[in-house]
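Everything below concerns the one structure shown next.
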Amino acid sequence: MKSTLLDIIPRPFRRRSIGVAFTVFARALLNFLGLALLLPVLMMILDARSIHTNPWLAALYERGGFTSDRLFVALLCGGVVAVILIKSLLVLALYRSERNFIHDLYAHLSHRLYVAYHNRGLPFIKSANSAELSRNVNVVCLTFVSGVLRPIATIAGEAALFMLLFAAFALYDITAAGLILLVFLPAAWLYYALVRNRLNRYGEDENRAHREKARTVAETFRGYPDIEINNAFPSLLDRFDRATAEVVRTRSKEATVGMLPQMFTEVGLALGMALLVIIGSGADGERMRLLFGIFAVAALRLMPSVRSVLAAWSAIKYNRYTIGILHAADLAHADTSVERETERMPFRRSLEVRHLSFRYPDAERETLSDLSLTLRRGERLGIRGASGAGKTTLFNLLLGFYEPTGGEILIDGVPLTRENRRRWQNNVGYVSQNVFIADSTFLANVALGTPEELIDRRRAERALEAARLGTFVSSLPRGMDTPIGECGCRLSGGQRQRIGIARALYRQADVLFFDEATSSLDSRTEEDVNRSIAELSDANKELTIVVIAHRDSSLDYCDRVVTIGEQTQNTH
């Protein structure tokens, strides 16, 4: 697991982890010091004469020039309390440093995983489950740092404290050191033997159940009309309840397992004290009282430490599944760059498709094969064909979402590649059948991706007017600042399409792509939207438009129509 963890943790955080390791050991050392400072107080409680009989206390008494035992005890206890208070503050500061490391690493991993999933492109997004990707980004990264890395730090710190206490006991009395081992090691081994294989399985079961819940909830709200009409909600609710029951079941098992460390350590402590009494029968009473007191203080301090170690080990086993998810993401080698380039790729003459072919990774045959066509600047090109002929695939290739498996796409003679696709995408507008509508205002949706302080409101108004939404939006109480609602739930189908058109116009794109943008509309609304597109083209002769449509009537305003199929045909 060590090499796997190193693969997940980025190099800058590996260097910081050295400092964290130091703070873990420093905390253990300070906790040991705090326990050691209690010994003189314990001695005075068990035997008041120890002020003068114990060499260390007697020397401190004489060097301090004390004449009153009461004053000496008061000042010594006050000093111990003050030092322990300072120690506690230092431990808190060191823990804060460790916590900052954990939280910074969570933010870094979540950010990189989010970007890495995005940068894998449309083929990956389409093949993955969006609810699972969302859970990985938002939950798995946090669970990894808080449920795996933090417990590792806990085990390291408590193990260091245990070794320091054991070494001190061994120097003072080997019998007491042996009893410490006899009390806690069997308890730890028994706990490990009982639960070592169960916790990992519980964690994986809970993760699967959470994924199922997230998927069910997402599908319920995304497909509400179909689910409601088909009365599918009861079956979805049954699926949700089964997943919830699985979460409750695994959490209950994990909680039961979590109680075992306390039980084992308490039984071990009682056994150790009984053995100490038996071994000390007949021995020097004063020495045995002191030994018993020291053992009791140390054991009571070690009990929560051992429980913490066992609980931390349980957490690691329970959350171990997160390691596999993050390791599979391979963030060390994933593309996590964010393209903030705003430069546009010029489009002055033509877009050429030369012998273009594309095959999906899991497909037996090519979706597109040896396709060639030319689109001139200012032209209105229609694309039609039967379902599955590759129309949308062609669009995804022209937009740079997919990479051809054969042939090439050229803009003014320059091949479209991964390196320049961002600049090309900056110069195009895209309106799909299901226009993406953010849960925000009309203004934010038209200027999608533009920081609020940089939005040109006048340009947004002109875009809405050109898309024939200006009158509707201006009639609203808050105008362009009116919230649309999630997924545009407050808009008609035609209005959603017009939002897409206004968005493309706001971008001042040279090329507009319409991917069956009117296929889900009624004939009257479709005709109205098509008329709007035609008017846009008439008003700007240099605007290039590419349209996919099933119905020929949606392509009437096109200069040329290309049929995608067995053999590409041009219709003039």
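For the range 422-513, give me every one of the helices (runs of 4 or more DSSP H) that falls completely inside it and has 1 or more residues that are within 30 Å of Leu397 (Cβ to Cβ).
Numbers: elements: 442-446, 457-466, 470-474, 493-506.
Per the criteria, 442-446, 457-466, 493-506.
Let's see how each residue does on (1) modelled with pLDDT under 90; (2) under 17 Å from Arg344 (Cβ atoms):
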{"residue": "Arg365", "(1), (2)": "yes, no"}
{"residue": "Arg376", "(1), (2)": "no, no"}
{"residue": "Gly385", "(1), (2)": "yes, no"}
{"residue": "Gly390", "(1), (2)": "yes, no"}
{"residue": "Ile409", "(1), (2)": "no, yes"}
{"residue": "Val414", "(1), (2)": "no, yes"}
{"residue": "Arg422", "(1), (2)": "yes, yes"}
With the first residue restricted to the range 113-127 and required to be more than 20 Å from Asn138 (Cβ to Cβ), and the second required to be modelled with pLDDT of 85 or more and surrounded by 14 or more Cβ atoms within 10 Å (Cβ to Cβ), Cβ contacts under 7 Å at 6 or more apart or on different chains are Gly121/Phe401; Leu122/Asn396; Leu122/Phe401; Leu122/Tyr402; Pro123/Tyr402
Given (1) touching a residue at least 12 places away in the same chain (Cβ under 8 Å); (2) under 24 Å from Asn426 (Cβ atoms), number of the condition Ala386 does not satisfy: (2)
Could you tell me how many of the residues in the range 410-429 are under 18 Å from Leu371 (Cβ atoms) and surrounded by 20 or more Cβ atoms within 10 Å (Cβ to Cβ)? 2
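Give Ser474, Ser440, Ser432 a once-over and let me know the one that is over 34 Å from the mean Cα position of the chain (by Cα) and surrounded by fewer than 21 Cβ atoms within 10 Å (Cβ to Cβ). Let's see the steps before the verdict.
Numbers: Ser440 fails: over 34 Å from the mean Cα position of the chain (by Cα); Ser432 fails: over 34 Å from the mean Cα position of the chain (by Cα).
Testing whether each residue is over 34 Å from the mean Cα position of the chain (by Cα) and surrounded by fewer than 21 Cβ atoms within 10 Å (Cβ to Cβ) leaves just Ser474.
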Is there any pair linking a residue in the range 425-453 that is more than 25 Å from Ile548 (Cα to Cα) and touching a residue at least 12 places away in the same chain (Cβ under 8 Å) to one that is assigned to a loop (DSSP other than H, G, I, E, B) and among the polar types (S, T, N, Q), with Cβ under 9 Å and at least six apart or on different chains, and which? Thr441/Thr482; Phe442/Thr482; Leu443/Thr482
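Condition check ((1) aliphatic (A, V, I, L, M); (2) at pLDDT 80 or above) across all residues:
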{"residue": "Leu133", "(1), (2)": "yes, yes"}
{"residue": "Asn136", "(1), (2)": "no, yes"}
{"residue": "Val139", "(1), (2)": "yes, yes"}
{"residue": "Met163", "(1), (2)": "yes, yes"}
{"residue": "Ala168", "(1), (2)": "yes, no"}
{"residue": "Val183", "(1), (2)": "yes, no"}
{"residue": "Tyr192", "(1), (2)": "no, no"}
{"residue": "Arg198", "(1), (2)": "no, no"}
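Right, Asp205: at pLDDT 75 or above, acidic (Asp, Glu), open to solvent by less than 50 Å² (accessible area, probe 1.4 Å) and assigned to a helix (DSSP H, G or I) or not? Quick ask: steps written out before the conclusion?
Values: at pLDDT 75 or above: yes; acidic (Asp, Glu): yes; open to solvent by less than 50 Å² (accessible area, probe 1.4 Å): yes; assigned to a helix (DSSP H, G or I): yes.
Yes: the conditions hold for Asp205.
Can you find a residue that is in contact with a Phe, Trp or Tyr (Cβ under 7 Å, 6 or more places away or on another chain), of a type outside the set (D, E, K, R) and in a helix (DSSP H, G or I) anywhere in the range 79-97? Before you say what the answer is, go through the steps one by one.
Going residue by residue through the range 79-97, those that are in contact with a Phe, Trp or Tyr (Cβ under 7 Å, 6 or more places away or on another chain) are none.
No: zero hits.
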Residues of the range 327-371 being open to solvent by less than 40 Å² (accessible area, probe 1.4 Å), under 20 Å from Ile9 (Cα atoms) and of a type in the set (Gly, Ala, Ser), in sequence order, are Ala329, Ala334
Just the residues that are open to solvent by less than 50 Å² (accessible area, probe 1.4 Å), at pLDDT 75 or above and polar (S, T, N, Q), please, taken from the range 503-541. none
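The values are calculated or read from the model by the stated rules, or taken from the named source; none is laboratory data. Nothing here was measured: the structure is a model prediction, and the numbers come from that model. Cβ atoms come from the backbone with ideal geometry, glycine included; neighbour counts cover every protein chain shown. Surface areas here come from the heavy atoms of the whole protein model, side chains and all, with no ligands, DNA or RNA. Shrake-Rupley method; radii C 1.70, N 1.55, O 1.52, S 1.80 Å.
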